[in-house]
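Quick notes on the structure that follows.
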Amino acid sequence: MALHITEENYEELVKAGKPMMIDFWATWCGPCKRMAPLVEELAEQYADTMNIGKCDIEEAEDLATQFQITSIPSFVFLDAEGNVKARLVGSQPKSKLEETIQSLL
């Protein structure tokens, strides 16, 4: 299951020392809703090696600002130290998300 990433737990997740993919989304976003099952699938598939979660931009405005999110869905990929290594904007095929995940592992 994808993690629920909030302003309160973000630092703790970074300190866990695993690469991370954050799906920035909103409840009113149609493309975000269509990507949700794929994000869940990837979260299960990579549960042992990577933290994969969703961050609602309306609940975590400061995180969205920190990562300069201007369009959703936006996928931000962080290395084990919490540095941004890649970002993808808009609906993506599973193969593109997996390719980006693999580049971090």
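The values are calculated or read from the model by the stated rules, or taken from the named source; none is laboratory data. Not measured: the values here are computed from a predicted model. So basically every Cβ, Gly included, is an ideal-geometry build from the backbone, and we count neighbours across all protein chains shown. Please note that ligands, DNA and RNA were not included when accessible areas were found on the heavy atoms of the full protein model with its side chains. Shrake-Rupley method; radii C 1.70, N 1.55, O 1.52, S 1.80 Å.
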Are there any pairs, at least 6 apart or on different chains, whose C-beta atoms fall under 6 Å, with the first in the stretch 16-35 and within 14 Å of THR6 (Cβ to Cβ) and the second open to solvent by 10 Å² or more (accessible area, probe 1.4 Å) and among the β-branched types (Val, Ile, Thr), and if so, which? PHE24/ILE57; PHE24/ILE69; PHE24/ILE72; TRP25/ILE72
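Taking the stretch 60-90 as the search range and keeping residues that are among the hydroxyl-bearing types (Ser, Thr, Tyr) and exposed (fewer than 13 other Cβ atoms within 10 Å of the Cβ), which one is nearest to GLU12 (Cα to Cα)?
If we filter the stretch 60-90 for residues that are among the hydroxyl-bearing types (Ser, Thr, Tyr), which is where we start, we get 65, 70-71, 74.
The next check asks that each one be exposed (fewer than 13 other Cβ atoms within 10 Å of the Cβ); those that pass are 65, 70-71.
Numbers: THR65: 19, THR70: 25, SER71: 26 Å.
Among those residues, the one meeting the criterion is THR65.
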Would you check which residues across the stretch 17-57 are more than 14 Å from the chain's Cα centre (by Cα), surrounded by 12 or more Cβ atoms within 10 Å (Cβ to Cβ) and hydrophobic (A, V, I, L, M, F, W, C) and list them? CYS29
